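Before any comments, here is the structure.
Coordinate-derived values only; no laboratory data. As the structure is a prediction and not an experimental result, all values here were calculated from the model. We place every Cβ from the backbone using ideal geometry, glycine too, and count neighbours over all the protein chains shown.
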Amino acid sequence: MEIKKSEELLAEVHRNCQLALQSISDILPETEDGDLREELMRQHEEYEKIGGRAAILAKDKNIELKNPGPIKKAMMWSSIKMSTMKDDSRAHIAEMMTQGTVMGITALKSSLGEMSRDLADPDVETLARELLSAEEKFEQVWKSMIA
């Protein structure tokens with residue numbers, strides 16, 4: 001049971017990072033605001049670090065992680081392009097990023113809540129909590145740009 005739950009949590013961390021990286025990569029070309037671009041790139045770097053650590057953990061534990069499929073990526077790309085075509089303002093992009101970040105926070109909290117503390121792999125749990133903390137900080141940054 002421990003292996004399965006830890007695998008699921010690690011998969012959630014990986015999926016969360018991959019979707020965030022894809023979203024940021026899709027939004028960057030639509031962003032002209034220098035401060036906004038800088039924040040997107042800073043967050044991209046943080047997701048890369050955590051995602052890289054998830055990949056190393058998976059390799060060490062012989063867990064196969066799957067990336068989001070091409071259909072999911074295409075749907076995200078088209079949604080971002082359509083949304084930014086209508087409104088590419090700083091506030092709108094910050095709102096889009098807030099929505100994505102909140103989805104990631106919700107998924108992580110749900111996965112962490114389903115784990116029994118005594119059954120969780122401590123390395124996986126620590127990484128998940130680090131990602132959760134980072135995303136909660138990102139949410140605050142984005143919310144401050146909406147107002």
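What to note about this one:
- GNM flexibility winner over the chain from ILE80, ILE71, ILE93 (Cα, springs under 10 Å): ILE71
- Peptides 124-136, 98-110 ordered by packing proxy, namely the average of other Cβ atoms within 10 Å per residue, highest first: 124-136, 98-110.
- With a Förster radius of 30 Å applied to the C-beta separation of SER79 and GLU136, the computed FRET efficiency comes to 0.80.
- Packing-based order for 7-14, 60-67, using average beta carbon neighbours within 10 Å, highest first: 7-14, 60-67
- Placing pseudo-labels 7 Å out from each Cα toward the beta carbon at ILE71 and GLN99 gives an inter-label distance of 2.1 nm.
- Sites GLU114 and GLU64, calculated FRET efficiency, Cβ-Cβ separation with R0 22 Å, nearest 0.05: 0.60
- Set LYS86/LYS109; LYS72/LYS109; LYS61/LYS109; LYS59/LYS81; LYS49/LYS109 screened for pairs whose C-alpha atoms are more than 28 Å apart: LYS86/LYS109; LYS59/LYS81
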